[in-house]
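Asker: Sharing a structure here in structure tokens format.
The values are calculated or read from the model by the stated rules, or taken from the named source; none is laboratory data. Since we're looking at a predicted model, the values are computed, not measured. Heads up, the Cβs are rebuilt from the backbone with ideal geometry, glycines too, and the neighbour counts pull from every protein chain shown. Each accessible area value is taken on the protein alone, full model and side chains, heavy atoms only, with ligands, DNA and RNA left out. Shrake-Rupley method; radii C 1.70, N 1.55, O 1.52, S 1.80 Å.
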Amino acid sequence: MQPDILSASEQDRLRFACKIATQTLHHVRDKLRAGVSTGQIDRWVREDTLRRNGRPSQLGYHGFAGAVCTSRNEVVCHGVPSDSVLLLDGDIVNVDVTTEVQGFHGDTSETFAIGTPSAEAAHVIAVARRCRDAGIAVVRDGARLGDIGAAIESLAKREGCSVVEAYGGHGIGRRMHMPPHVAHTGRAGTGMRLRAGMALTIEPMINLGSSAVKTLADGWTVVTQDGRWSAQFEHTILVTREGCEVLTTLD
Ligand code: MG
């Protein structure tokens, strides 16, 4: 199935959904501190999303119980919010907000350090952010999907980290997950050509240890097999002729 090419008015609606999702992520960011549970993050996301007349896209998605994914330390993605998961000084947590407004979805995540991170934790956070930005930097009309994966993979390797291959970014718009699948590893010059007007997420999950992951018995929480920590950053972007527009920033 071919990815959608969004019209100008569809692009405006996507921009708006992305702005709301970003505002909610920043709302959570400003309240995070040691002693907060991931269940509390879920309540903040529900309240803030409703206040902005949005709907948390993740709530009820294939039965997901939360309004947001909260992935702490060795959790790679899809962490289920819980009042019994407390964030302690030195922990890291990814908060992944997806919001539907007026029929369009915006998707963004960041990994935050609670208190003072170890050097290793700070490293994986920094590398994950740089990997996302390296992927974004190669996007333009005519570039290929493999260019994104290659840029991310080579930077992660140079920094002594690995890239999770089991999950990727995705097309986004009228649904949260749409074609194409955006792999975060790959070979430059291969894969589908990007076209202006396509909307995608770029959201590499970067591990300190091996890239191998497993899913816990709850059917959602994805952790590293070796227990080492993982970080992730995500933007929703719109492909343009010259490059791309990052929709999930407030600048
Ligand atoms: Mg996503």
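Asker: Run down the aspartates and glutamates and flag those whose C-alpha is under 13 Å from the C-alpha of Lys31, throwing out any fewer than 8 positions away in its chain.
Answerer: Partners within reach: Asp42, Asp48.
Asker: Still on this structure, please answer the following. Suppose a student asked you for the relative contact order of the chain, using Cα pairs under 8 Å spaced at least 6 residues apart; what percent would you report?
Answerer: That works out to 23 percent.
Asker: Calculate what fraction, in whole %, of the accessible area of the chain sits on carbon and sulfur atoms when a 1.4 Å probe is rolled over the protein chains.
Answerer: 49 percent
Asker: Per-residue HN-Hα couplings for the stretch 149-163, Karplus 6.51 cos²θ - 1.76 cosθ + 1.60 at θ = phi - 60°, whole Hz, x for Gly and Pro?
Answerer: Values, residue by residue: x, 5, 5, 5, 5, 5, 5, 4, 5, 4, 9, x, 10, 10, 10 Hz.
Asker: Further question: Sticking with the crude label model, points 7 Å out along Cα→Cβ, report the distance from Ala166 to Ala119 in nm, one decimal please.
Answerer: Each label point lies 7 Å from its Cα, and together they span 3.0 nm.
Asker: What's the extension gain from Arg140 to His62 if we count 0.36 nm per residue and subtract their Cα-Cα distance?
Answerer: So the chain would gain 24.8 nm between Arg140 and His62.
Asker: Tell me, what ³J(HN,Hα) does each residue in the stretch 231-241 have, in order and in whole Hz, if you take phi through Karplus 6.51 cos²θ - 1.76 cosθ + 1.60 with θ = phi - 60° and put x for Gly and Pro?
Answerer: Whole-Hz 3J(HN,Hα) from phi for the stretch 231-241: 9, 8, 10, 9, 10, 9, 10, 10, 5, 10, 5.
Asker: Let me know the shape class of the stretch 55-173, please: from the alpha-carbon gyration tensor, a ≥ b ≥ c as square roots of the eigenvalues, rounded when a/c is under 1.5, otherwise prolate if a/b is greater than b/c, or oblate.
Answerer: Oblate shape, in that a/c is at least 1.5 and b/c is the bigger or equal ratio.
Asker: Let me ask you something else. Multiply the residue gap between Arg158 and Arg29 by 0.36 nm, knock off their C-alpha separation, and tell me the result in nm, one decimal place.
Answerer: Roughly 43.5 nm would be gained on extension.
Asker: To continue, here is another question. Could you give the longest part of the chain that holds none of the trypsin sites (Lys or Arg not before Pro) found in DSSP loops with at most 11 neighbouring Cβ atoms within 10 Å?
Answerer: It runs 34-240.
Asker: Tell me, how many Å apart are the Cα centres for the stretch 147-169 and for the stretch 183-251?
Answerer: Measuring centre to centre over Cα atoms gives 9 Å.
Asker: Considering the zone a paramagnetic label at Arg193 would reach in this model (a point 7 Å from Cα along the Cα-to-Cβ line), which residues of the stretch 126-169 have amide N under 15 Å from it?
Answerer: Of the residues in the stretch 126-169, 140-147 have backbone N under 15 Å from the label point off Arg193.
Asker: Taking H placed 1.01 Å from N in the peptide plane, check which residues at least 5 places from Ser82 or on another chain put their amide H under 5 Å from its amide H.
Answerer: Here the answer is Thr38, Gly39, since their amide H atoms fall under 5 Å of that of Ser82.
Asker: Between rounded, prolate and oblate, where does the stretch 143-205 land on the alpha carbon gyration tensor, with a ≥ b ≥ c its root eigenvalues, rounded for a/c under 1.5, else prolate if a/b exceeds b/c?
Answerer: Oblate shape, in that a/c is at least 1.5 and b/c is the bigger or equal ratio.
Asker: If you build the convex hull over the alpha carbons only and average its shadow over all orientations, what do you get for the chain? Give it in nm² to one decimal.
Answerer: The number I arrive at for the chain is 12.4 nm².
Asker: What is the set of long-range amide H partners of Val76 at a cut-off below 5 Å, with H atoms built 1.01 Å from backbone N?
Answerer: Answer set, sorted by chain and number: Val222, Val223, Thr224.
Asker: Shifting gears a bit: Setting aside same-chain residues fewer than 8 positions from Lys214, which lysines have a Cα under 23 Å from its Cα?
Answerer: Lys214 reaches Lys157.
Asker: Given the Cα-Cα distance of Asp251 and Ala8 and 0.36 nm per residue of separation, how much length would full extension add, in nm?
Answerer: That works out to 85.4 nm of additional length.
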